[in-house]
Amino acid sequence: MTKDRTRKLKIRAVMAASGRTYVEAAAALEQWTVPDAGRRPPAGVPMAPDPLGSADSGELFTAPLMVVAMLPRGQAGLDAAQLIADACDYLISHEGWYRARAEAYGPRPTRETGMPPLTGHMPAMLLVRVSARRRWSADTLHAFLRDASTAILTALVNEHPRITERHVSVQALPQETGQQIVAVEQGKPDALTTEAHPSLTELHPLDGELDEAEEYPFRAVDSQDVGWFAVGPAMYTNTLLQSNGGEPQSLAALDAERGPLRTVVPAPQEDLERLRDALAAAGTKATASLLVALYRLARQHADQEYERSERRQSSRLYAGGDDTWETQAMRSLIWGLGVDLADKARRLDKQTMQEVMAIVDQWVTPEADLYVEVAGSVARAFQAAAAHAGGWEALADRHFQPGDRFAHSANAVEGAYAWLMGEPMPSIGREPEDAQRLKRLTDPG
């Protein structure tokens, strides 16, 4: 095929992908390999090696970030979305600048953030999805998250001098959480990087026809009930491997060595409704019944694992998110309160426990093709039941009410509330210290 013919095919591929005219597509194609196309690079900062990620098997990856900040009231605060999106055009590493792009959703009002008050400002949050093309590993992912966080913080502080580091928080989110927020926002960002580099698109015409980037699951569970999460396209690690400094593994290698793999997915709506109804029917016995049901299921899985491997330990309930604070909170609670409550028959609803065990066990069974994440799914069903029944007080007995003379420990009550209700206990006004510590430990940034 002649060079001119190849170029025309690429131009038409760009036209099909972007809706540009032939002239616009041709101009965009010319800029595809120019590192500083569009906005000028930051002054005084050298260009990093391979700033477009095209010379080192680079793959496009998008990381969702939650930005919480004290923003000025009025238009200046609303403009924060565009400010942040444009700040991510050039990210700066220790090697120099490289190109990225961002889309921002928000700002949206939020509740108490724990940040110091600032006159004329109000707490707000934004979802920011930052994309770059790199050769991904655990180290390059962490560096990318750090570079994006630094760019966002610097932009806000420079634009609004009264804002300091104490007034901005940037936290990496699980992919599924970001996707859920995008779905709520109906996929329409409030701001996009104004002059994003044309190569930063899911369609890349450098090697002929444009092909859509292959979709890879963010989380997967292997045949041994070990959970894995992506640190780049088709590259995966787990909490133990990461803590020991091990190298991520490819999806193909994982499937060959530890397959079959089950993609982690949200719970089906009909299952959430069944759980909601069972919890609501249990009334004030719901919280205790849920904890005991999950404890008994965890014990059952441990017994099954012992029969298989003579090792009485199973991570089957936790594999869909063992690096998240919600899963760690659930694990702590069911092996703490769940054990203590197992023989308190008067505080339990037998039918509810049977329903919980049946539904959740079906979610995590190794015989299934998919794996349903447990901690977040159970919490969503509990919150729906609470909304229907009348709040926490309607689903938790006196031992789970702060201030009652027979209540469980404050840490246990606050931890159960934070996990199941998805927010700090109102009487406390902040997340439990354990939950805060877990979030710090699991934050990849």
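Key figures for this structure:
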| read-out | value |
| --- | --- |
| Residue selected from segment 366-412 under the condition in contact with a Phe, Trp or Tyr (Cβ under 9 Å, 6 or more places away or on another chain) and within 21 Å of Gln300 (Cα to Cα), by the criterion surrounded by the fewest Cβ atoms within 10 Å (Cβ to Cβ) | Leu370 |
| Selection within segment 80-101 - surrounded by fewer than 20 Cβ atoms within 10 Å (Cβ to Cβ) and over 25 Å from the mean Cα position of the chain (by Cα) | His94, Glu95, Gly96 |
| Any hit, segment 235-254, residues being buried (at least 22 other Cβ atoms within 10 Å of the Cβ), modelled with pLDDT under 95 and among the hydrophobic types (A, V, I, L, M, F, W, C) | yes |
| Candidate set from segment 21-39 (those that are at pLDDT 85 or above and out of contact with any Phe, Trp or Tyr (no Cβ under 9 Å at 6 or more places or on another chain)); member that is surrounded by the fewest Cβ atoms within 10 Å (Cβ to Cβ) | Val34 |
| Residue selected from segment 114-124 under the condition open to solvent by 50 Å² or more (accessible area, probe 1.4 Å) and part of a loop (DSSP other than H, G, I, E, B), by the criterion modelled with the highest pLDDT | Thr119 |
| Set Glu202, Glu159, Glu176: member being surrounded by fewer than 18 Cβ atoms within 10 Å (Cβ to Cβ) and at pLDDT below 85 | Glu202 |
| Tabulated pairs, segment 392-411, first of a type in the set (S, T, N, Q) and modelled with pLDDT under 90, second in a helix (DSSP H, G or I) and open to solvent by less than 80 Å² (accessible area, probe 1.4 Å), C-beta under 9 angstrom, 6+ apart or interchain | Asn411/Asp434 |
| Single residue of Leu145, Leu153, Leu141 found to be open to solvent by 30 Å² or more (accessible area, probe 1.4 Å) and not small (Gly, Ala, Ser) | Leu153 |
| Subset of segment 387-416 [closer than 22 Å to Arg346 by Cβ and part of a helix (DSSP H, G or I)] | Ala389, Trp392, Glu393, Ala394, Leu395, Arg398, His399, Phe400, Ala412, Val413, Ala416 |
| Conditions (1) closer than 30 Å to Pro49 by Cα; (2) open to solvent by 30 Å² or more (accessible area, probe 1.4 Å); number of the one not met by Pro109 | (1) |
| Output for segment 57-88, where each listed residue is farther than 16 Å from Ile163 by Cα, touching a helix residue (DSSP H, G or I) at 6+ places or on another chain (Cβ under 9 Å) and charged (D, E, K, R) | Asp86 |
| Test: residue in segment 337-360 that is in contact (Cβ under 8 Å) with a residue 12 or more places away in the chain and touching a His at 6+ places or on another chain (Cβ under 7 Å) | yes |
| Residue under evaluation Thr154, criteria (1) more than 21 Å from the chain's Cα centre (by Cα); (2) in a loop (DSSP other than H, G, I, E, B); (3) in contact (Cβ under 8 Å) with a residue 60 or more places away in the chain; (4) at negative phi, criterion not met | (2) |
| Odd one out for Thr164, checked against (1) out of contact with any Ser or Thr (no Cβ under 8 Å at 6 or more places or on another chain); (2) in contact (Cβ under 8 Å) with a residue 60 or more places away in the chain | (2) |
| Count of residues meeting criterion [under 14 Å from Ala87 (Cα atoms), open to solvent by 50 Å² or more (accessible area, probe 1.4 Å) and either part of a helix (DSSP H, G or I) or not acidic (Asp, Glu) (or both)] in segment 179-195 | 2 |
| Hits in segment 361-380 (condition: in a loop (DSSP other than H, G, I, E, B), over 15 Å from Ala329 (Cα atoms) and among the β-branched types (Val, Ile, Thr)) | Thr365 |
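The values are calculated or read from the model by the stated rules, or taken from the named source; none is laboratory data. Bear in mind that the values here come from a model prediction, so they are computed numbers and not experimental data. FYI the Cβ positions are ideal-geometry reconstructions off the backbone, even for glycines, and counts take in every protein chain you see. To get the accessible areas, we keep the full protein, side chains included, count just its heavy atoms, and leave off ligands, DNA and RNA. Shrake-Rupley method; radii C 1.70, N 1.55, O 1.52, S 1.80 Å.
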